[in-house]
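To start, the structure under review is shown below, and the notes come after it.
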Amino acid sequence: MKVYKTLLAITLLIAGMVACSEMNNKSDSGEATSSKEKQYAIFDDNNNLLRPKDYRSWIFMGTSSTPKSEDPNVIFPDFQNVYIDPVSFAYWKKHGEWREGTIIVKELLRQGDAVSSVGHGFFQGAHFEVAAQVKDSKRFPTMHNGWNYFGFADFEKLKLNEASIPLGNQCASCHNNTAIDGDVFYQYYPVILAAKGYGDGNPENENTRPGLVADYKYVSAVKMNPNCK
Ligand code: HEC
């Protein structure tokens with residue numbers, strides 16, 4: 001009798017462990033559960049995005065340098081450092097799609113110096129703007145694929161605001177017309193191109209794939225954007 005009781009206890013224990021591991025697998029897999037995962041875009045009750053403050057510890061997408069500064073007070077180029085939250089990057093790497101809740105932050109820095117000890121170049125200087133775009137189809141159902149746009153600099157008061165209203169089409173129209181998927185300019189971020197739907201492993205360690213991703217087509221924003229003639 002004692003043997004039977006022990007066997008029963010062991011069977012129940014194993015059954016419990018299997019059920020738990022199945023639940024864990026389910027919560028690890030994909031779309032249905034992704035919205036329950038950590039969200040980095042935090043909104044107030046009026047759909048204003050609170051300024052993200054820890055984005056420099058997220059995944060670094062890349063840097064673009066513009067021919068003209070976004071700051072009306074300077075005419076020199078600025079740098080635009082772009083970061084994505086780590087959970088959305090993992091989702092992109094696994095599925096090749098942006099998850100609901102994806103937040104991408106762009107910080108703008110002035111050009112600091114044009115000369116260094118090793119010669120001429122463009123070197124990063126003072127930080128003056130934080131902008132972001134967030135995919136949230138429930139919150140922004142009329143926006144293209146649910147993406148809305150936010151900017152935190154108050155150029156008159158020379159400070160960064162704590163929150164931004166959704167800026168909508170004043171930003172979206174250009175992204176919709178010229179970004180590779182109508183939302184994110186990932187044609188300019190090799191980190192993101194290489195990771196698209198890559199699955200397990202590290203795309204940065206792969207040198208064997210020509211063209212990085214099958215559907216990659218370089219789209220020149222300069223030719224397509226009527227504002228950039
Ligand atoms: C005239 C076109 C244009 C307008 C208008 C525009 N953007 Fe962009 N945006 C770009 C381009 C081109 C890039 C990619 C290169 C770069 O970083 O400059 C970009 C990149 C970004 C990125 C980094 C992620 C990505 O999609 O590449 C964010 C975030 C962003 N823009 C936010 C905004 C916000 C907020 C506004 C409105 C205040 C705005 N944009 C208006 C052209 C535009």
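Read-outs: derived from the displayed coordinates by stated rules, not from any lab. Just so it is clear, the model here is predicted, and its values are computed rather than measured. Reconstructed Cβ throughout: ideal geometry from the backbone, glycine too, with neighbour counts over all protein chains shown.
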- Message: Just to check I understand the Karplus step: with θ = phi - 60° and J = 6.51 cos²θ - 1.76 cosθ + 1.60, what whole-Hz values come out for the range 173-186, glycine and proline as x?
- Response: 4, 5, 4, 4, 7, 10, 6, 4, 10, x, 9, 10, 7, 6
- Message: Rounded, prolate or oblate for the range 75-184? Axes are the square roots of the Cα gyration tensor eigenvalues, ordered a ≥ b ≥ c, and the cut-off for rounded is a/c under 1.5.
- Response: prolate
- Task: Rank-order 94-102, 45-53 by packing density, defined as the average count of other C-beta atoms within 10 Å over each peptide's residues, highest first.
- Result: 94-102, 45-53
- Item | Listed peptides 37-44, 134-141, 182-189 by packing density, highest first (mean Cβ within 10 Å) | 182-189, 134-141, 37-44
